[in-house]
Each structure stands twice: as structure tokens, then as C-alpha cells.
Amino acid sequence: MKKIISLFVFIIALSFNANAQEVISAEVLAKQDAYELAQYLEINGTIVTDLQSLFKMKHETLLTEGISEERIQVLSEMIEHKLAATLNASQIEKLKADPELYKKLIQN
């Protein structure tokens, strides 16, 4: 009986650890995206912090198992609209001039 309880506790501990690692990796990926965008557009301050939280939400959603293609598409559109609302027209134009970076930030 003790072995069964110990095994149960061990499995729960592993699942909590796996979720913590997923959140950490989403944060790291979000920081990388925000940093790359900030360097490209030469921005700083609260805008970068806001974009980092946007990208964190994106990566947490994309790391969710079993996410549908429809949900990914809706997420991409939402990120595109939030970027357009956060950045000014010249920054959006400059970002769209680099399709590889733009696609990376919007889709994956």
C-alpha cells in the first residue's frame, strides 16, 4: 500500500514538474521573440514588456497538446491585430518588410 501511495505521489510530482517546464519554456520563447522584435524595430520600454506578455500567451497556447488548426489560425489573427494596435504604421511596415520575422512572430 505504501508503494502505491509513493508511486501516486511521484507521478503527481512529475506532472507538476512537466507543467512548470512548459511555462518556463513559453517565457523563454516569448522573451526571445520580444527581444528580436525590439532589436529589429529599435524599440524599448513598456512596449517590449507588453509584447513579451503577448508572445508568452502565444507560446503557452501553442504548447498546449491537441490544439486545433482553427485555434492556431484564430491565435495568429489575434496576434496580428494586437501588433497592429501596439506598433505605429511605420513600424508595422518595417516588420512586414521582413516576411520571415513577421511569420515567425505571428504563426509560430
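The values are calculated or read from the model by the stated rules, or taken from the named source; none is laboratory data. Source: prediction; values computed, not measured. A quick note on method: Cβ atoms are made from the backbone with ideal geometry, for glycine too, and the neighbour counts reach across all protein chains shown.
Quick look at the numbers
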{"item": "Residue within the range 62-69 that is under 10 Å from the mean Cα position of the chain (by Cα), at pLDDT 70 or above and farther than 22 Å from Ile92 by Cβ present", "result": "yes"}
{"item": "Residue satisfying all of: in the range 82-95; surrounded by 13 or more Cβ atoms within 10 Å (Cβ to Cβ) and of a type in the set (D, E, K, R); farthest from Ala38 (Cα to Cα) among these", "result": "Lys82"}
{"item": "Evaluation of Glu65 against (1) farther than 19 Å from Pro99 by Cα; (2) part of a helix (DSSP H, G or I); (3) among the acidic types (Asp, Glu) (one fails), failing number", "result": "(2)"}
{"item": "Search result, residues across the range 74-99 that are of a type in the set (Gly, Ala, Ser) and either closer than 15 Å to Ser53 by Cβ or outside any helix (DSSP H, G or I) (or both)", "result": "Ala85, Ala97"}
{"item": "Verdict on His59 being touching a helix residue (DSSP H, G or I) at 6+ places or on another chain (Cβ under 6 Å) and modelled with pLDDT of 90 or more", "result": "yes"}
{"item": "Output for the range 38-47, where each listed residue is crowded, with 16+ Cβ neighbours inside 10 Å and either of a type in the set (Val, Ile, Thr) or under 13 Å from the mean Cα position of the chain (by Cα) (or both)", "result": "Ile43, Ile47"}
{"item": "Every pair of residues 6+ apart whose Cβ atoms lie under 7 Å, when the first sits in the range 33-47 and is assigned to a loop (DSSP other than H, G, I, E, B) while the second is among the hydrophobic types (A, V, I, L, M, F, W, C)", "result": "Asn44/Ala38"}
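One line per residue, one yes/no per condition, for (1) farther than 18 Å from Glu27 by Cβ; (2) without any contact (Cβ under 8 Å) to a residue 24 or more places away in the chain:
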| position | (1), (2) |
| --- | --- |
| Leu54 | no, no |
| Thr61 | no, yes |
| Thr64 | no, yes |
| Ile67 | yes, yes |
| Ala85 | yes, yes |
| Gln91 | yes, no |
| Lys103 | yes, yes |
